[in-house]
Each structure stands twice: as structure tokens, then as C-alpha cells.
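Colleague: After the C-alpha cells below, expect a handful of questions from me.
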Amino acid sequence: MSRPPVPLSQFVLKIHSRCDLACDHCYVYESADQSWRGRPLAMSDAVISRTAQRIAEHAASHGLETVQVVLHGGEPLLVGRQGLQRIITALQSALRDTCRLDLRIHTNGVILDKQLCELFADHDVRVGISIDGDRAANDRHRRYADGRSSYDKVIRAVELLRTDQFHRLYAGLLCTIDIANDPVVVYESLAALDPPRIDFLLPHATWEDPPPGRALAADEQYADWLIAIFDRWLAAGRPVEIRTFESIISTLTGGDSLTEALGLDPAVLAVVETDGSYEQVDSLKAAFDGAPVTGLNVFDHSIDAVAQHPGITARQQGLAGLCQTCQECPVVTSCGGGLYTHRYRASTGFSNPSVYCADLLKLINHISSRLPQVTAGGTQVPTHVVSNESFSALAGGFGDAAAIAELAGAQRSLRRVLLGAVYQAATTDGFASDEAQAALRSAWAALTAIDGKRPSALDEVLAHPYVRAWAVRCLGQLKPAPEGRAAGNRTPDRAGLLADIGHLGAIAAVAAIRASVKADVMVPVVKAGIHFPTLGRLAIASDGAERAEGSEPEVASAVVADETVTIRVGEHHWELAVPALLADRAHAGSVAAAGGPVGWQPVRILRAPGIDLAVEDTDPYRDCHQWPAAPRLTDAEFAEWQWCFERAWEELSQHHAAYRPALAAGLSVLMPLQPGPEGRDVSATARHAFGAVAAALPADPVNLALLLVHEFQHVKLGAVLDLYDLYDPTDDRLFHAPWRDDMRPLEGLLQGTYAHLAVTNFWHARQLATTGAEADEAGERSAYWYAHTRDAIETLMNSGSLTPLGTQFVGEMRHSLRR
Amino acid sequence: MRSTDEASGVSSSVADVRDLPLADILNTRTLDQAVARVLPDSPVARVAVAAFNSAI
């Protein structure tokens, strides 16, 4: 099953087909493909105009926010200043009302001058320069046809880009690797030119035309060359972005690939030649004569047609598009099979590992082994590891208290990081007023102080499932520095965002309460109440009901001192006794009100032997599940929950003991949902709320036991997916899930299958525990879910998109089901 | 949870910052990478860069 075509968003325009240098390693002129000989010298105005229209049409029809256009050649500056002006204007005019244009030019730099830089500055065109290192390295290949050096002219161009006037145009340096050069000298000489980025490019090669200097296919000289630079670069504190290294680091840590040469991200690039022909990526020129050809052109064909070309879609298949060797490789998510061109072999086409396979494997493993130093910016920080026993048990659908503790430990790390990310983004976003920023700084100062004195107190707050849900909500609305809010075009609800980021103060207040330390922070008033995560809500309206907030968020001061929390809103103030709050005995009567009516709504606890489960029905960030949150429970409703939960826990303890330890260790919050449509039982989990299960009260305690088991499977698997790549995240195909009418994405199918593995076991256990018609019905349900789960496991195993670890995980699921 | 210096486990790329002071988490690559890990589509985590990088 192939994935549908992905819209194209990057376009390389070959605006001039000749070059003023005669580099002997150039893939355009020295490779198998010689199509340049029959091309027009330069792109005509007609081709430019039509190309710009095609890109605009494509961007509009697919709703693209940004397209990137790279002016390329040959040597694009040979078009001349006026020609460049026309090209840039045509592109900007066509795209002005459609999307943002990220315009770049890649040049050898030898004729770049101040006038051209002024033109690029006027139109925000960023400039990349090709240079292979120091003078000796550069002149090994990058010479004029008569043998003269290009080095001094290239350096002059780089110096121009380093001036204050043009520095913002300086996109970076591109260096083609020659292993005859000293890697450290090459790196140091390029870094000395102060580029924002360096690209080290493997020379184009295939299995038919091996890399220069390659004596044996398994040699790793290119890895050794890059590793020498990596180690130097890392030891220096990563002073410049090196795209190959950053891409590997990004993919090793769950991020995107940053280059077409690595990773599983789909190819979204097309080339337009000087005659208007669409081509695939032009490095294919190194494979065989005519390799990049599509047979399509800007006059007769849309870019949608290009996106559907088999040569393009072949590079959009992610893991499933790779050969078997690559699919089974442990570093495939970082490598992605390497550059498509480098996989070519005459007998098998592109269904091979890269001719640089051994180099890429060694380099990625080397960077992976240095990841702790990398992630800490040079400081040794360990990474989370799940024991083999726990991983195997979790993969089989189970996991004991120790396994849950390992997952919870990683969640603790992630929540600390997300807390910092919210603070950092909120204080650099440019959105918050000076007053709001001062409040954030006070809250952060309190948090860091408590973290130093009583870290366990902070952990108790951060362990609350909806703290991460809150952080995710904030980060979804904030922009990073240095771009800032002013440059953004999103217009979120300002009052809502300010109230959201102000919740940092509420977290700090609760940490201070739990740590018994002094704090003075600002907390938001949301819907006539002030929420203290893990403790409860102070309703400051006369009836305790929620009210819609105004256009500006109201804030309160919260002072924690001498075992009392004093809250002030305008002229009103209230006091809460810390011992009462922490002892779960606080109620309206224990709160001394001075200045207005008040109602303290504490978090209540469902209790059963071996478990205390907080009922979260006040947290403003709890409503992040598939079904809507119920309002605060009445005392009678809470009593119904307690009755049902006690019996559900008894059912779990008696008949489903394999699931009980994990639930006791990891299930911390029950969030009541509104009743489902037509009386259906509804329940849900949220990916960003580890430890919480949401449900409407079912009529039958057995059903509550079942939904707790079912939903906690999602909790466990979500935490596993936070740690590991089990599947190719770029695979956007939909798959048949036997228990649903609609098709599901791969993660959805994996989640459903993992949950139903437990459901199958649940009904099997019920079959053994009951008799008569009840046992028969349980047996039928067990058989039904067994068949569906078995089929879904096979769909996952045959998807071609599981990583090696994912294959191991689903293999354990299969083994567990058969048991 | 154990750390990478102990054997017989499945290593992840998520940095263990439980004992790293909260103040030291800011402005580190650890922060950027963890956000990218759990929120790959977040504007905070997004890196704008052209994938194409052939030299001429």
C-alpha cells in the first residue's frame, strides 16, 4: 500500500545552465547525465513567469504556509543583476497573496559583489556559498577552466556577507568532502568564516560509480573524516550549526530530519530546468543519463502532476520505501537509507542501502554514543533506560509497579523540561506585558528555589497529569525566540493565553505549600475561581459557580507564609490553612473569609485497598480528552463513584491480578466525563496526561474495571512512545482496524491493538471466573477480541513501518496474545 | 529507571534531568530536544530549513 503524494514545498530553479568555474567534482557537468549540453543557457522570462504561477497554484490548492525556492545552476549569478531582479520580482509577485516565500541562492560566489548583495538585501534573498575548506582544499577541485584558483574571490564574497550590512543574508557554506584533505583543517578554516551553518556534502556516488578514494565497499573513510570534525566540533561546544550532525542529533532524539540526505521525511522537492522541464532532485544526474527526467514541464503540467510522478512518490514512502536491509537497520530513522542517489545500482535500481552505508552507520553510532554530551551542551547527562525485563513485560501488555516507575521517571524528566520550555517561551515570546513577565519571573524564581530545597515537593505537583496538558496547551500558542510574537501571524486569545501562562504561578504556589516555604506569586482567576493543582479550587463567586472571564484575565496574589495561604483579589482577601489543605480536610468552614463569600472545593479521593485515586473535577486543563469533562461532582455523585470504584477494584484484585500492580502504581487521577450519548459508557485517555483516566460513571462496576484496564493500556503505551520510536512517524497511511468502521493511522492502530490485547485477557479471565450464561458471554467476547487483536497485530507487522524496536514490541504483543 | 551507564536495558534518547537543577534546564539543547520529542509540531520546536543542500 503506497502513501498518497505529499504536496511539494521546495523548488530548485536552474536559472542558468553554465558555470564560470570548471570544478572536476561537479555533479552537474562531470556526472553520467549530460543533459545540460542541450539546455538553454538561461531561464527565459516565459519559463520564470509560468514557474511562478505553477508554484502559486500548488501552494494555494494545498494551503501551504511557506514555499522555499532555491535559485541554482550552473552558476545562478551568471544571469546578471537585471535578470535576477526579474526572476525575484516574478516569484514574489506570484506568491505575495498566497504564502510566504523563503528565497535563497546557492552560488560559487566568485562574481558576488556589493550591488548583487544590495539586490538580495532588498528582496530578502539568503545566500549560500560553495567552498571546500582552506586554500589547499578548495583549490583541489574548485578552479577555473584554465586552472586558476577561485579561492580569493570566494573568500571576498564571504567577507562581503560577513559585513554588518549583509550579514543577515549569510545562509551558510557548502563543502563537498574530499577525504584527501585534513578534516580538522577544513572544519577550522570554514568555522573561521563565521557561517551560520556548514553543510558537509558527501561526493555523489553510486554502487556503479563508488566514492572517490574508496578502495573497498565496506571502508569507512568518510565516516572517519566526519567523526574527526564531529569530535572537534563537540569539544568546542558546537559553535556553528553543521547540518549533517544536527540532523542526526535531531532524528536520534525524535525530531525531524534537516536534510534530504538523511532521515525518513518525505521528499518534497522538485527541480525546474532552464527550459521549463520539471526534474527530480538533480543529484540523480550522478546515477545515470536521464535519471532525473520526469517528462513534465511548466507549460503543460501542474506541480500536482509532478508530485504524483513515481520518481517523486518513491521518495515519500518513508520506512516502507526502503530495501529490506535498511528497514531492519537499527539506525534507519536517522539514516533513512541516505541520499536517494547514493543507493543506485544498475541491477536493482534504488532498492539498496547507500553506497555510504558503512560510513553512515559508523557516524550515526558515534554521534549516538556521544548523545549525552550533546544533549547537555557538553555536560554529561544520562538518558532514560527501561530495563529489558520491564520493556518485555510492557510490550506483552502488562508491566508491574517497577515498569510503571521507570515510565513515570521519564515523565518526570519530560515535565521538568516542559515547565522550563513554557517559562522560556513565555518570557521571550514578546506577548506578555511587563507586569505579566514580572509575575512569571517571580513564579520561576519560587520554583527554582523550591527545587533546590525540597525537590520532592515540586515533583508532587509536577506529577499531576494535567500539568503536562497545561504545558502543551501553552507551547501550542507561544512562539520561540528570536522570532517572537511580533513576527508571527497567529492571533490567539490574549486573555486566555495570559491566564494559561499565569498558571505557572499556581504551580509555584502549590509547590511552596507542599514544601512549607515562603512564596509570593500571582495566580490567575479563571471562571471566578483560583485553581491550585493537586489541591483544589477556591471559588470566589457567591455561589461557587463558574463565570465567563472578561477580555483581560483577572489575577490574584497568593502569599504562602506561616502555614497560611493568603489570597488577595482587589480589596478582597481569603486565608487557607496549609495543614488543612494538605490533610485533605479543607472545606469552606475551615477557610477564614474576610471580604467576600468563598467556597473551597478540595480534590477528593476515591479509596480502595492498595490505591488512592484523586478525582479531578476542578482543574481548568482537565478537559483535554476525547469526551467533554463533567462539572464538579456533587457529594451524592462522588458517593456513587466511590461505591462503583470499590467494587471495580475488587473485581480487578480478584480476577485480573496481572493488571492490578501497574494500575495501583500508575493510575493517579480519575477525571469524570459527561455521560455518553444514548447512555453509552464513555472513557478516554489523553497522550499528555500520564496517569489520568477519564470516564463517565458506568452502571456496572465490572464495566468500570474493564475501562480502567483498557484505558491504562493507552497510558502505558503513550509513555513508551514518549521514549522510543516504534514506527515511522512520517507514515501517514491509514490502516484497517477490525473493530472500527473508519481507517486508522498507524499509531491509532497500535494503540487500539495494545488496548484490546488487555480487553481479550479481561474477558478470558471473566469467562474463567463466572459460570453459566455469564461465562458464555464472556467467552464470546474474549474470542471476538482475540480474533480482532490477532488480525490487527498482523496488519502492524506487515505495515513495513515498524522500526526494529517496534517490530520487537509488536512481536511481544503477538507472543502474549498466543499465550 | 536506570541511566545509560547501566547495562541490560533499552536506551532512549530522552535526557534524564530529574536531578538537573530546574534553573539549568533553560537554554539547553536538552530542552529543545525534549520539546521536539513530545511536541514535534510545536512552533517552539520547529526548525525552518530547506532540505536541499547540493553544492555547485
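Colleague: Tell me, yes or no, whether the stretch A:98-107 has at least one residue that is modelled with pLDDT under 95, assigned to a loop (DSSP other than H, G, I, E, B) and among the hydrophobic types (A, V, I, L, M, F, W, C).
Modeller: yes
Colleague: Does A:VAL154 meet the test of being assigned to a helix (DSSP H, G or I) and farther than 20 Å from A:LYS362 by Cβ?
Modeller: So A:VAL154 passes the test.
Each row is one residue, and each column tells you yes or no for (1) assigned to a helix (DSSP H, G or I); (2) under 19 Å from A:ALA270 (Cα atoms); (3) under 36 Å from the mean Cα position of the chain (by Cα).
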position	(1), (2), (3)
A:ASP33	no, yes, no
A:THR51	yes, yes, yes
A:ARG54	yes, yes, yes
A:HIS58	yes, yes, yes
A:SER61	yes, yes, yes
A:LEU78	yes, no, no
A:GLN82	yes, no, no
A:ARG86	yes, no, no
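Colleague: Within the stretch A:191-211, does at least one residue satisfy the condition of being more than 30 Å from the chain's Cα centre (by Cα), farther than 18 Å from A:ASP231 by Cα and exposed (fewer than 15 other Cβ atoms within 10 Å of the Cβ)?
Modeller: yes
Colleague: With over 19 Å from A:ARG39 (Cβ atoms) and of a type in the set (D, E, K, R) as the only criterion, which of A:ASP289, A:ASP265, A:ASP282 stands out?
Modeller: One residue alone meets the criteria, A:ASP265.
Colleague: Tell me, which helices (runs of 4 or more DSSP H) lie completely within the stretch A:228-320 with 3 or more residues that are touching a helix residue (DSSP H, G or I) at 6+ places or on another chain (Cβ under 9 Å) and more than 10 Å from every other protein chain (Cβ to nearest Cβ)?
Modeller: Qualifying helices (runs of 4 or more DSSP H): A:303-307, A:310-313.
Colleague: Now a separate question. For A:LEU174, state whether it is in a loop (DSSP other than H, G, I, E, B) and either under 18 Å from A:PRO196 (Cβ atoms) or among the β-branched types (Val, Ile, Thr) (or both).
Modeller: So A:LEU174 fails the test.
Colleague: While we're on this one: For the stretch A:115-139, name all the residues that are away from every other protein chain (no Cβ under 14 Å) and over 13 Å from A:LEU77 (Cα atoms).
Modeller: Listed by number, the residues that qualify are A:GLU118, A:ALA121, A:ASP122, A:HIS123, A:ASP134, A:ARG135, A:ALA136, A:ASP139.
Colleague: In the stretch B:1-19, what residues are more than 7 Å from every other protein chain (Cβ to nearest Cβ) and modelled with pLDDT of 70 or more?
Modeller: B:ASP19 - this is the single residue of the stretch B:1-19 that is more than 7 Å from every other protein chain (Cβ to nearest Cβ) and modelled with pLDDT of 70 or more.
Colleague: Does A:THR448 fit the bill of being in a helix (DSSP H, G or I), within 26 Å of the chain's Cα centre (by Cα) and either within 12 Å of chain B (Cβ to nearest Cβ) or not aliphatic (A, V, I, L, M) (or both)?
Modeller: Criteria not met by A:THR448.
Colleague: Next question. Of the conditions (1) in contact with a Leu (Cβ under 8 Å, 6 or more places away or on another chain); (2) of a type outside the set (D, E, K, R); (3) more than 19 Å from A:LEU726 (Cα to Cα), A:ALA405 satisfies every one except a single condition; which number is it?
Modeller: (1)
Colleague: Of the residues that sit in the stretch A:306-325 and are free of Cβ contacts under 8 Å to residues at least 60 places away in the same chain, more than 23 Å from the chain's Cα centre (by Cα) and buried (at least 17 other Cβ atoms within 10 Å of the Cβ), which one is farthest from A:HIS204 (Cα to Cα)?
Modeller: Going through the stretch A:306-325, the residues free of Cβ contacts under 8 Å to residues at least 60 places away in the same chain turn out to be A:309-311, A:314-315, A:321-325.
From what's left, more than 23 Å from the chain's Cα centre (by Cα): A:309-311, A:314, A:323-325.
Filter again for buried (at least 17 other Cβ atoms within 10 Å of the Cβ), leaving A:309, A:311.
On the way: A:HIS309: 23, A:GLY311: 18 Å.
Filtering first and then ranking leaves A:HIS309.
Here's the yes/no breakdown for (1) farther than 15 Å from A:ALA719 by Cα; (2) away from chain B (no Cβ under 11 Å); (3) assigned to a loop (DSSP other than H, G, I, E, B); (4) at pLDDT below 95:
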{"position": "A:GLU406", "(1), (2), (3), (4)": "no, no, no, no"}
{"position": "A:GLY409", "(1), (2), (3), (4)": "no, no, no, no"}
{"position": "A:VAL417", "(1), (2), (3), (4)": "yes, no, no, yes"}
{"position": "A:ALA421", "(1), (2), (3), (4)": "yes, no, no, yes"}
{"position": "A:GLN424", "(1), (2), (3), (4)": "yes, no, no, yes"}
{"position": "A:ALA438", "(1), (2), (3), (4)": "yes, yes, no, yes"}
{"position": "A:ARG441", "(1), (2), (3), (4)": "yes, yes, no, yes"}
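Colleague: Shifting gears a bit: For the stretch A:514-524, give me each residue that is surrounded by 24 or more Cβ atoms within 10 Å (Cβ to Cβ) and hydrophobic (A, V, I, L, M, F, W, C).
Modeller: A:ALA519, A:VAL521, A:VAL523
Colleague: Now for a separate question. For the stretch A:260-286: of the residues being of a type in the set (A, V, I, L, M, F, W, C) and surrounded by fewer than 24 Cβ atoms within 10 Å (Cβ to Cβ), which is farthest from the chain's Cα centre (by Cα)?
Modeller: Let us first name the residues in the stretch A:260-286 that are of a type in the set (A, V, I, L, M, F, W, C), namely A:261-262, A:264, A:267-272, A:281, A:284, A:286.
If we keep only those that are surrounded by fewer than 24 Cβ atoms within 10 Å (Cβ to Cβ) too, we end up with A:267-269.
Numbers: A:ALA267: 18, A:VAL268: 18, A:LEU269: 21 Å.
The extreme case among them is A:LEU269.
Colleague: Still on this structure, I have one more. Which members of the stretch A:243-259 meet the condition of being surrounded by fewer than 24 Cβ atoms within 10 Å (Cβ to Cβ) and in contact with a Phe, Trp or Tyr (Cβ under 6 Å, 6 or more places away or on another chain)?
Modeller: A:PHE245 - this is the single residue of the stretch A:243-259 that is surrounded by fewer than 24 Cβ atoms within 10 Å (Cβ to Cβ) and in contact with a Phe, Trp or Tyr (Cβ under 6 Å, 6 or more places away or on another chain).
Colleague: Okay, moving on. Inside the stretch A:490-517, can you point out the residues that are part of a loop (DSSP other than H, G, I, E, B) and modelled with pLDDT of 95 or more?
Modeller: None - no residue of the stretch A:490-517 is part of a loop (DSSP other than H, G, I, E, B) and modelled with pLDDT of 95 or more, so the list stays empty.
Colleague: Filter the stretch A:17-72 for residues that are more than 26 Å from A:TYR344 (Cα to Cα), of a type in the set (Val, Ile, Thr) and within 14 Å of another protein chain (Cβ to nearest Cβ) and give the result.
Modeller: Residues satisfying the conditions are A:THR66, A:VAL67, A:VAL69.
Colleague: While we're on this one: What number of residues within the stretch A:328-346 satisfy the criterion of being surrounded by fewer than 21 Cβ atoms within 10 Å (Cβ to Cβ) and modelled with pLDDT under 90?
Modeller: Looking only at that region, the number is 2.
The values are calculated or read from the model by the stated rules, or taken from the named source; none is laboratory data. These numbers were taken from a predicted model, which means no experiment stands behind them. Don't worry about glycine lacking a Cβ; one is built from the backbone with ideal geometry, like all the others, and counts go over all protein chains shown.
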